[in-house]
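What follows is a set of notes on a single structure, which appears directly below.
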Amino acid sequence: MGDQPPKSIEELMKLLAMGQELTPSQQKEMKDYRFWKTQPVPHLDEKITKEGPIDKLKTPNDIPNEPLPLIKDFEWVTLDIGNDSELDELYKLLYDNYVEDTDATFRFKYSHEFFKWALKPPGWKKEWHCGVRVKETGKLVAFIAATPVTIKLNKSGTTLTSVEINFLCIHKKLRNKRLAPVLIKEITRRVNKNDIWQALYTGGSILPTPLATCRYQHRPINWSKLHDVGFSHLPPNQTKSSMVANYALSNQTKLKPRLMEEHDVEQVLQLLHKYQEKFDIVQLFKPEEFKHWMLGNGNSNVIKAYVVENEKGDITDFFSYYLLPFTVLENTHHDELGIAYLFYYATDSKEIKSRLTDLINDALITAKQFSVDVFNCLTSQDNSFFLKNCKFGSGDGYLNYYLFNYKLFPINGGIDEDKQVKEDETSGVGVVLL
Ligand code: MYA
């Protein structure tokens, strides 16, 4: 890969997590979170004794009708992502500013289809695609989005009508000017106006206070390409061909999954909801939401969902993953890196370890045809049952899960105190965020 310093796959994935792990001495104390200490979130180190909402009950009428004032020269905008040129503006903002890559060797390769899938699930609201423009030039310089989600907390049986917050991004030239709190307060206002008071979000950085922390896991599919672009090192005691052989996958799937179709939606959803009863925090889907998240526009290049049927034609298992490639810059051999992220899956098998190993191995095999070079997942769900057998390795990136305006007892994110995968143990995190 030319003269660029090799980057390990772990480094790459740390960037994907968009946050650096802090040493204990770098970690801020609660009093130093000037913004977050004013928000309805649990304090760091707070011992949760009772679960439930933090802010006392308000109604949408208590919430101002007008947006928060912005610093002069800037204005709020509701981005119309049905409009291709506005989608392009969002693409450009995120392309240049979302991933902090000091070498500028790769960028997320968002597509219009990806944004439409991620930002327009059933129940989406245009005012939840909230941007900031420079008044004079109209340039888009910041963005934050909310999408509807129903969360179920299985231990208490509570269902929360909620939103997911994602794609918070501020132009690099406007960083450290306390604009993020303004964006967060504005999206809170817009969501509260719809009588919604909870939000789920994830991030690499530590904020008050994670309800769970998961660790990124990576499974090289095309090891030589990852090596070529400098993302995978050759371990000292290995040869290139031994690495390639180690990660080689069969061309034939074992469980013979087929692509999920619209008529499968109800059956697969039932299977998923049943399977997910074991996790502490899950997403509840209505059939039309599930159809959107699993099938996209029906012929999606972004989301892939497969089902396994038994001889009677009943669906016994399913898996899904989404594709979000990287553009590789300044590399003579490759201009794109294919990346898949494990999404939802379920099985009715009682032999979880061997069945999930077969199922996810089949997912890896199917992913090859979509030019996937590395397959990622977290230590959430039941992933620790297949990680080792399917040759995933732990990355350096961590993902923290947060819930706004709700206290929860801590949830098992699938890693122990030393951040190692807790093998063969169901985690508490059943929900997957993009
Ligand atoms: S996670 C993806 C976040 N985006 C990126 O990492 C892209 C690259 N980075 C940037 O664009 C900027 O660095 C951002 C911060 C925008 C992240 N979540 O304006 P500032 C706090 C929450 O001077 P900047 C995603 O999209 C920080 O601790 N807060 O900072 C989910 C400090 O507060 P405090 C964050 O660097 C987003 C304050 O902001 C984050 O210029 C979920 C500093 O502001 C972060 N990722 O801009 C958002 N990063 O003083 C919360 C920094 O207290 C949603 N900060 O330490 C909450 C629910 C809202 C809806 C509720 C409805 C009911």
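The values are calculated or read from the model by the stated rules, or taken from the named source; none is laboratory data. Treat the numbers as computed from the prediction; the structure is a model and nothing was measured. Neighbour counts are summed over all protein chains in view; Cβ atoms, including those assigned to glycine, are modelled from backbone coordinates with ideal geometry. Surface areas here come from the heavy atoms of the whole protein model, side chains and all, with no ligands, DNA or RNA. Shrake-Rupley method; radii C 1.70, N 1.55, O 1.52, S 1.80 Å.
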Inset, instruction - Among the residues of segment 408-426, count how many are in contact (Cβ under 8 Å) with a residue 40 or more places away in the chain and under 18 Å from residue 393 (Cβ atoms). - result: 7
Inset, instruction - Considering only segment 215-278, give the helices (runs of 4 or more DSSP H) lying wholly within it that have at least 2 residues that are surrounded by fewer than 19 Cβ atoms within 10 Å (Cβ to Cβ) and touching a Ser or Thr at 6+ places or on another chain (Cβ under 7 Å). - result: 240-247
Inset, instruction - From (1) open to solvent by less than 50 Å² (accessible area, probe 1.4 Å); (2) under 22 Å from the mean Cα position of the chain (by Cα); (3) touching a residue at least 60 places away in the same chain (Cβ under 8 Å), pick out the condition that doesn't hold for residue 317. - result: (2)
Legend entry - Wholly enclosed strands (runs of 3 or more DSSP E) of segment 291-398 bearing at least 1 residues at pLDDT below 95: 326-328
Legend entry - Which listed residue is touching a Phe, Trp or Tyr at 6+ places or on another chain (Cβ under 9 Å), at pLDDT 95 or above and under 30 Å from residue 284 (Cα atoms), from 123, 52: 52
Legend entry - Which numbered condition residue 223 fails, given (1) within 12 Å of the ligand (Cβ to nearest atom); (2) touching an Asp or Glu at 6+ places or on another chain (Cβ under 9 Å); (3) without any contact (Cβ under 8 Å) to a residue 40 or more places away in the chain: (1)
Inset, instruction - Please tell me if residue 237 is without any contact (Cβ under 8 Å) to a residue 60 or more places away in the chain and more than 10 Å from the ligand (Cβ to nearest atom). - result: yes
Legend entry - Tally, over segment 193-203, of residues that are assigned to a loop (DSSP other than H, G, I, E, B) and within 7 Å of the ligand (Cβ to nearest atom): 2
Inset, instruction - Determine if segment 58-79 includes at least one residue that is over 30 Å from residue 156 (Cα atoms), open to solvent by 30 Å² or more (accessible area, probe 1.4 Å) and within 24 Å of the chain's Cα centre (by Cα). - result: yes
Inset, instruction - Enumerate the pairs (first residue in segment 181-210 and under 24 Å from residue 397 (Cα atoms) and open to solvent by 30 Å² or more (accessible area, probe 1.4 Å); second residue anywhere and more than 6 Å from the ligand (Cβ to nearest atom) and β-branched (Val, Ile, Thr)) with beta-carbon separation below 8 Å, excluding pairs fewer than 6 apart on the same chain, so at least 6 apart or on different chains. - result: 207/41; 209/41
Inset, instruction - Evaluate the following for residue 427: is it small (Gly, Ala, Ser), more than 16 Å from the ligand (Cβ to nearest atom) and open to solvent by 20 Å² or more (accessible area, probe 1.4 Å)? - result: no
Inset, instruction - Would you list the strands (runs of 3 or more DSSP E) that sit entirely within segment 62-138 and hold 3 or more residues that are without any contact (Cβ under 8 Å) to a residue 60 or more places away in the chain? - result: 129-134
Legend entry - Tally of residues being surrounded by fewer than 18 Cβ atoms within 10 Å (Cβ to Cβ) and within 21 Å of residue 94 (Cβ to Cβ) across segment 148-167: 0
Inset, instruction - Please tell me if residue 267 is in contact with a Phe, Trp or Tyr (Cβ under 8 Å, 6 or more places away or on another chain) and either modelled with pLDDT of 95 or more or under 30 Å from residue 159 (Cα atoms) (or both). - result: no
Inset, instruction - Kindly provide the set of residues from segment 368-377 that are within 20 Å of residue 232 (Cβ to Cβ) and either within 18 Å of the chain's Cα centre (by Cα) or open to solvent by 10 Å² or more (accessible area, probe 1.4 Å) (or both), ordered by number. - result: 368, 370, 371, 372, 374, 375, 376, 377
Inset, instruction - Examine segment 381-393 for a residue that is open to solvent by less than 10 Å² (accessible area, probe 1.4 Å), in contact (Cβ under 8 Å) with a residue 24 or more places away in the chain and more than 19 Å from the chain's Cα centre (by Cα), and state whether such a residue exists. - result: yes
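Residue by residue, here is whether (1) farther than 30 Å from residue 412 by Cβ; (2) in a strand (DSSP E or B) holds:
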{"site": "144", "(1), (2)": "no, yes"}
{"site": "155", "(1), (2)": "no, no"}
{"site": "168", "(1), (2)": "no, yes"}
{"site": "177", "(1), (2)": "yes, no"}
{"site": "182", "(1), (2)": "yes, no"}
{"site": "191", "(1), (2)": "no, no"}
